[in-house]
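To start, the structure under review is shown below, and the notes come after it.
The values are calculated or read from the model by the stated rules, or taken from the named source; none is laboratory data. Quantities reported herein were computed from a predicted structural model and do not represent experimental measurements. Cβ coordinates were reconstructed from backbone atoms using ideal geometry, including for glycine residues, and neighbour counts include every protein chain displayed.
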Amino acid sequence: MDLSELRVEIDKVDKQIVELFEKRMDIASQVADYKISTGKKVFDKEREDQKLRAVKELASSEFNKTGVEELFSHLMSMSRKLQYQKLASAGAAGNLPFIQIDSIDKASSRVCYQGAEGSYSEAAMKKYFGEEVNSFHVDTFRDAMAVLEDGSADYAVLPIENSTAGIVSEIYDLLTEYEHYIIGEEIIPIRHCLLGVPGTKLSDIKRVYSHPQSLMQSARFLSEHSHFEQISMKNNAFAARKVAQDKDKSQAAIASALAAKVYGLEILEEGINQADSNSTRFIIVTNRKVFLKDAHKVSICMEIPHEAGSLYHMMSHFIYNNLNMTKIESRPIEDKDWEYRFFIDFEGNLADSAVKNALRGLREEAKMLKILGNY
């Protein structure tokens, strides 16, 4: 047979495959009806594993066995998506344990941020809550989570991602550890300045203090002054405060213009970070399971089975529900070598049926799923 004849034969087989696929999905729809009436779960891993072993044995070669396993894995995944959709249409999607609110009472809220006065975290807080916000600061990210937990603060403002340095991994880990939720975000442009006590000249400086990321982001400027000793601090504002308190012209800090204003320092050089588009994304976190009615981004974290194809099948829930995934990150799971927890952002609102449907499917098939917030 020549190529054109072979293609005709493939077309015939493909037509039969489509007919059989539609017949299979029709049966899957009937299965969904049964599960709706009985309250039975859609995902039955033991049954699916048993089925995959059985169909593999029907194939004639090792190559085909692998192909059949992959094919039927996809077929069963599509069957589940159809069943989840039918459950949602029948009103069996379930209610998510989050309460929709119209707005945040910013005027009477107590807010904490990590760092010190003059930090970028303070700037993000004031941009979100307003200049007159009732606020206080803490030393560490964990401290911020702790004051939310004990009720000393209603909200915390925390950096989660920088456009050049990447994610703040500690924040991701703390979001899984504490029962706190993201309700908003604020993006602050980062423009580092070299600060010194009034009257300081560049030639006076011997030591520069700042956060390690700020030192890295200002590497080009610092390389031009290689005699500067670079000393890491927990926070840029801490560095500015130290320079102000020591009143030593041989010391300088890399921090914001706001820090210069707060601590009475002089801006010796402005915009010393090399990336003009550098910005940091801050999240607004609360200990209540609430979301704003106009929220448009959902953040989740999940742990999945440590086996081939698991992540693909999880991602398919976004595809089948026409949801746009905007970000995915992974973090190692403590005490589980080479296993990872995934953090995902996607567009949507917890009140949307497509979001509810996707989350139902993810919750049934993931080992662990936590909604981190809708904002």
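So here's what we get for this one:
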quantity: Residue that is under 16 Å from the mean Cα position of the chain (by Cα), surrounded by fewer than 19 Cβ atoms within 10 Å (Cβ to Cβ) and in contact (Cβ under 8 Å) with a residue 40 or more places away in the chain, where the choices are R341, R331, R288; calculated: R331
quantity: Pairs, first free of Cβ contacts under 8 Å to residues at least 40 places away in the same chain and assigned to a helix (DSSP H, G or I) in the stretch 361-375, second of a type in the set (A, V, I, L, M) and surrounded by fewer than 22 Cβ atoms within 10 Å (Cβ to Cβ), C-beta under 9 Å, six or more apart; calculated: R363/M302; R363/L369
quantity: Count of the stretch 80-100 residues which are in a helix (DSSP H, G or I) and buried (at least 17 other Cβ atoms within 10 Å of the Cβ); calculated: 9
quantity: Set S37, S103, S73, S77: member being of a type in the set (S, T, N, Q), assigned to a loop (DSSP other than H, G, I, E, B) and not assigned by TED's automatic domain parsing to the domain that holds I304; calculated: S103
quantity: All positions within the stretch 173-182 that are within 13 Å of the chain's Cα centre (by Cα) and under 10 Å from L372 (Cα atoms); calculated: L175, T176, Y181, I182
quantity: Subset of the stretch 294-307 [modelled with pLDDT of 95 or more and either more than 16 Å from the chain's Cα centre (by Cα) or surrounded by fewer than 16 Cβ atoms within 10 Å (Cβ to Cβ) (or both)]; calculated: D294, H296
quantity: Among residues of the stretch 220-260, those that are loosely packed, with under 14 Cβ neighbours inside 10 Å and assigned to a helix (DSSP H, G or I), counted; calculated: 4
quantity: Residue count for the stretch 204-248, restricted to those that are under 16 Å from I267 (Cβ atoms), at pLDDT 95 or above and polar (S, T, N, Q); calculated: 1
quantity: Looking only at the stretch 25-75, and only at residues there that are of a type in the set (V, I, T) and under 24 Å from A358 (Cβ atoms), the one that is surrounded by the most Cβ atoms within 10 Å (Cβ to Cβ); calculated: V42
quantity: Out of S135, S121, sole residue that is touching a Pro at 6+ places or on another chain (Cβ under 8 Å) and either in contact (Cβ under 8 Å) with a residue 12 or more places away in the chain or assigned to a loop (DSSP other than H, G, I, E, B) (or both); calculated: S121
quantity: Filter result (out of contact with any helix residue (DSSP H, G or I) (no Cβ under 7 Å at 6 or more places or on another chain) and either crowded, with 19+ Cβ neighbours inside 10 Å or among the small types (G, A, S) (or both)) within the stretch 161-171; calculated: E161, S163, G166, V168, S169
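Here is a yes/no grid of residues against (1) outside the structural domain of M233 (by TED's automatic domain parsing); (2) within 23 Å of the chain's Cα centre (by Cα); (3) over 24 Å from I300 (Cβ atoms); (4) modelled with pLDDT of 95 or more:
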| site | (1), (2), (3), (4) |
| --- | --- |
| R110 | yes, no, yes, yes |
| E117 | yes, no, yes, no |
| F129 | yes, yes, yes, yes |
| S152 | yes, no, yes, yes |
| A165 | yes, yes, no, no |
